[in-house]
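First the structure, in the form of structure tokens, and then the observations on it.
The values are calculated or read from the model by the stated rules, or taken from the named source; none is laboratory data. Fair warning: this is a prediction, and the values are worked out from it, not measured in the lab. Please note: Cβ atoms are built from the backbone with ideal geometry, for glycine as well, and neighbour counts cover all protein chains shown. Please note that ligands, DNA and RNA were not included when accessible areas were found on the heavy atoms of the full protein model with its side chains. Shrake-Rupley method; radii C 1.70, N 1.55, O 1.52, S 1.80 Å.
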Amino acid sequence: MRAEFKWNPGAKEKWNGQFSEAQKFLDSEVLRTTSPYVPFRTGALEHSGQLGTVPGTGEVIWNAPYAVKQYRNTAESRDYDPQRGGMWFERSKADHKGEWLRGTKKIAGGG
């Protein structure tokens, strides 16, 4: 399962080194704030996000073999924790996108 934010094409040249730090921040924040939304039985699926992601690349990847099935073909809540369930990135983005953007802009020097 992959989650991806796309930057404006000219952003890298404009922001130079700040871009890299901003991207690392964004990737890490997506993992951190999305973690409570990921289904949890043994913790392997949640942990696969940390193993599959290299902060700064712009891709957050949950690489467990069953991640796509869990993401697309499961209910958006669980009896043990109503926040955990399918479509975890989309639900986290709906709740945290503003925080992600504010923090990223601050690091990148944007307004």
Considering residues of segment 34-48 that are among the β-branched types (Val, Ile, Thr) and under 16 Å from Ser77 (Cα atoms) only, the residue surrounded by the most Cβ atoms within 10 Å (Cβ to Cβ): Val38
Among the residues listed as Leu51, Leu101, the single one being within 15 Å of the chain's Cα centre (by Cα), without any contact (Cβ under 8 Å) to a residue 24 or more places away in the chain and open to solvent by 90 Å² or more (accessible area, probe 1.4 Å): Leu51
Test: Thr57 is open to solvent by 50 Å² or more (accessible area, probe 1.4 Å), under 22 Å from Glu21 (Cβ atoms) and of a type in the set (Ser, Thr, Tyr): yes
Yes/no for Gln83 being out of contact with any Ser or Thr (no Cβ under 8 Å at 6 or more places or on another chain) and surrounded by 14 or more Cβ atoms within 10 Å (Cβ to Cβ): no
